[in-house]
Amino acid sequence: MYVLIGGAGLVGLTLAQKLIALGHTVAVIDIDVQACHYAREQVGVMAFEGSAVSTEVLLEAGIRKADALAAVLRSDALNLALVTLAKHYGVHQIVTRMRHSDFEEPLRISGAAHIVSTVDLSVSTMVNAIEYPQIESMMHFEQGQIEILKLSVSQNCNIAGRSVAMVAQDAQFPQGSLIIGYQPHPHENLTIPNGSTVLEPGSTLLIVTKPGSVHQVVDFIESCK
């Protein structure tokens, strides 16, 4: 895909690096000449100097052929303008960063398919780190209605040596929860387990559950034999 990124700051350039690694063609737009120079020389992306909310600059950057656009400019107002222009020029996939929640509805109405709240994301990550230190990572879906947890299987925990089917049938395993990923070793690939998959000590699990069941899942996984 051809992806345009409005903003060549830390977030914009880090995003560009990730997308390049995935095989996409990426271009950034920024008013900072030095940032554009760095993007070309160090990141290896096309960089267009000028305002990302200038129609002339956007057309020069090829917005009409862009498959996706990420708005990560320094203010919500600028991101809103860029989202509006991207929608006008027919970009199908529009992602934007948002600092203040007052802009969520305008951004959505303007055409943003995905809105990433930097404040909510940071606070949620820190709360999870404090509340659930055992969880390696936690992802939220459907406005927080679904949680996906990444947990390790310790040597003496209750599920070590048991199959996925045995765990699912355990009355203590929270209803509505499901083991959806299994990584036998940190250096091995994540796989989708079946009922016969045996959960070995030192492995890692991905578990989908509801927010109200997170504590129960953690307690169940960590309970000792």
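Against the definition (at pLDDT 95 or above, in a loop (DSSP other than H, G, I, E, B), crowded, with 16+ Cβ neighbours inside 10 Å and touching a Cys at 6+ places or on another chain (Cβ under 8 Å)), how does Ala52 come out, yes or no? Let's see the steps before the verdict.
Values: at pLDDT 95 or above: yes; in a loop (DSSP other than H, G, I, E, B): yes; crowded, with 16+ Cβ neighbours inside 10 Å: yes; touching a Cys at 6+ places or on another chain (Cβ under 8 Å): no.
Answer is no for this residue.
Here is a yes/no grid of residues against (1) buried (at least 16 other Cβ atoms within 10 Å of the Cβ); (2) closer than 20 Å to Val95 by Cα; (3) free of Cβ contacts under 8 Å to residues at least 60 places away in the same chain; (4) not assigned by TED's automatic domain parsing to the domain that holds Ser75:
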site: Thr14; (1), (2), (3), (4): no, yes, yes, no
site: Lys18; (1), (2), (3), (4): no, yes, yes, no
site: Val26; (1), (2), (3), (4): yes, yes, yes, no
site: Ile29; (1), (2), (3), (4): yes, yes, yes, no
site: Gln34; (1), (2), (3), (4): no, no, yes, no
site: Arg40; (1), (2), (3), (4): no, no, yes, no
site: Gly44; (1), (2), (3), (4): no, no, yes, no
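Cβ contacts < 8 Å: first residue surrounded by fewer than 17 Cβ atoms within 10 Å (Cβ to Cβ), restricted to the range 189-213; second residue charged (D, E, K, R) and part of a loop (DSSP other than H, G, I, E, B), any location; separation 6+ or different chain. Result?
Within 8 Å, the pairs are Val198/Arg162.
Please specify each residue of the range 64-83 satisfying the condition of being surrounded by fewer than 24 Cβ atoms within 10 Å (Cβ to Cβ) and modelled with pLDDT of 95 or more.
Taking the range 64-83 as the starting set, the residues that turn out to be surrounded by fewer than 24 Cβ atoms within 10 Å (Cβ to Cβ) are 64-68, 74-78, 80-81.
Of everything in the range 64-83, those that are surrounded by fewer than 24 Cβ atoms within 10 Å (Cβ to Cβ) and modelled with pLDDT of 95 or more turn out to be Arg64, Lys65, Ala66, Asp67, Ala68, Ser75, Asp76, Ala77, Leu78, Leu80, Ala81.
Does Glu147 satisfy the condition of being touching a residue at least 40 places away in the same chain (Cβ under 8 Å), farther than 18 Å from Leu15 by Cβ and touching a Lys or Arg at 6+ places or on another chain (Cβ under 6 Å)?
Numbers: touching a residue at least 40 places away in the same chain (Cβ under 8 Å): yes; farther than 18 Å from Leu15 by Cβ: yes; touching a Lys or Arg at 6+ places or on another chain (Cβ under 6 Å): no.
In short, no.
Considering (1) under 16 Å from the mean Cα position of the chain (by Cα); (2) surrounded by fewer than 13 Cβ atoms within 10 Å (Cβ to Cβ), say which one Arg97 fails and leave the rest.
Exception for Arg97: condition (2).
The values are calculated or read from the model by the stated rules, or taken from the named source; none is laboratory data. Treat the numbers as computed from the prediction; the structure is a model and nothing was measured. For neighbour counting, all protein chains shown are included, and Cβ atoms are generated from backbone atoms with ideal geometry for every residue, glycine included.
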